[in-house]
Amino acid sequence: IVSPAADPHAAEAEKQKGNDAYTKREFQTAVEHYSKAIELDPKSSVYLNNRAAAFMAMEKLDDAEADVNKAIQMENAKPMDEQDDKALGRSYSRLGTLHFKRGNYTGAIWWFKNSVVEYSFPETALKLREAEKALKEQKAREYVDPEKSAEAKSKGNELFRKGEYAEA
């Protein structure tokens, strides 16, 4: 099967239709338009990134991750002076979001930091801070020992009943 010649103008039109559908929260329709854009211009990582965003909105995280990884591979295969820093930054940010959604805050932080190095999107800096806060909270929860908490509560209740309020 021979693929048709790339048609960047038609691909951009499909991308715009996908963007319109995404804005209306019609994510499956957006995926269909981004998929058509990819068919029309398979060398553009932008359409893969956009489709990944739609997949993420539908909680299809594995599909989103596959698209993002392919977009990164496409950009990294180009000579350095032809790589799209904005597209790479967007891909890295999407990977950060994927890791965040999966509860891997360390991974999210790593990808958000790489995103900011490639291309600084304001929302990525906010996501980075959110991931750092979530990691800190996660570590604090992991630090809490339920047995020691129950023991301390019991001891405190006992002291309170004895009227030893300061020690309770």
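Within the set of pairs 6 or more residues apart or between chains, which connect a residue that is modelled with pLDDT under 95 inside the stretch 4-23 to a residue that is open to solvent by less than 40 Å² (accessible area, probe 1.4 Å) and not acidic (Asp, Glu) with Cβ atoms less than 6 Å apart?
Listed pairs, sorted by first residue: Asp7/Leu40.
What pairs come up if the first residue lies in the stretch 133-151 and is in contact (Cβ under 8 Å) with a residue 24 or more places away in the chain and under 28 Å from Trp110 (Cβ atoms), the second is open to solvent by 60 Å² or more (accessible area, probe 1.4 Å) and part of a helix (DSSP H, G or I), and their beta carbons are under 7 Å apart, counting only those six or more places apart or on different chains?
Every condition considered, the pairs that remain are Leu135/Thr106.
Among what's in the stretch 123-154 and is modelled with pLDDT of 90 or more and charged (D, E, K, R), pick the residue that is most open to solvent (accessible area, probe 1.4 Å).
Applying the filter and picking the extreme gives Lys136.
Give the number of residues within the stretch 155-168 that are assigned to a loop (DSSP other than H, G, I, E, B), of a type in the set (Asp, Glu) and open to solvent by less than 100 Å² (accessible area, probe 1.4 Å).
1
If you take the residues of the stretch 72-89 that are of a type in the set (Asp, Glu) and free of Cβ contacts under 8 Å to residues at least 24 places away in the same chain, which of them is least open to solvent (accessible area, probe 1.4 Å)?
The selected residue is Glu82.
Failed condition for Ile109, given (1) farther than 17 Å from Arg51 by Cβ; (2) of a type outside the set (Gly, Ala, Ser); (3) touching a residue at least 24 places away in the same chain (Cβ under 8 Å); (4) open to solvent by 70 Å² or more (accessible area, probe 1.4 Å), with all others met?
Ile109 satisfies all of (1) farther than 17 Å from Arg51 by Cβ; (2) of a type outside the set (Gly, Ala, Ser); (3) touching a residue at least 24 places away in the same chain (Cβ under 8 Å); (4) open to solvent by 70 Å² or more (accessible area, probe 1.4 Å) except (4).
Search the stretch 90-106 for residues being part of a helix (DSSP H, G or I) and either of a type in the set (Lys, Arg) or modelled with pLDDT under 95 (or both), and hand back the single one that is surrounded by the most Cβ atoms within 10 Å (Cβ to Cβ). Break it down stepwise before answering.
To start, the set of residues in the stretch 90-106 that are part of a helix (DSSP H, G or I) comprises 90-101, 105-106.
With either of a type in the set (Lys, Arg) or modelled with pLDDT under 95 (or both) added as a condition, the list becomes 90, 94, 101.
Numbers: Arg90: 24, Arg94: 27, Lys101: 13.
Among those that are part of a helix (DSSP H, G or I) and either of a type in the set (Lys, Arg) or modelled with pLDDT under 95 (or both), it is Arg94.
Do we have Ser45 as of a type in the set (Ser, Thr, Tyr), without any contact (Cβ under 8 Å) to a residue 60 or more places away in the chain and under 22 Å from Gln138 (Cβ atoms) here?
No; evaluated as a whole, the condition is false for this residue.
The values are calculated or read from the model by the stated rules, or taken from the named source; none is laboratory data. All of these numbers come straight from a predicted model, not from anything done at the bench. Virtual Cβ from ideal backbone geometry, glycine too; neighbours counted across all protein chains shown. Quick note on the areas: whole protein, heavy atoms, side chains included, nothing else; ligands and nucleic acids left out. Shrake-Rupley method; radii C 1.70, N 1.55, O 1.52, S 1.80 Å.
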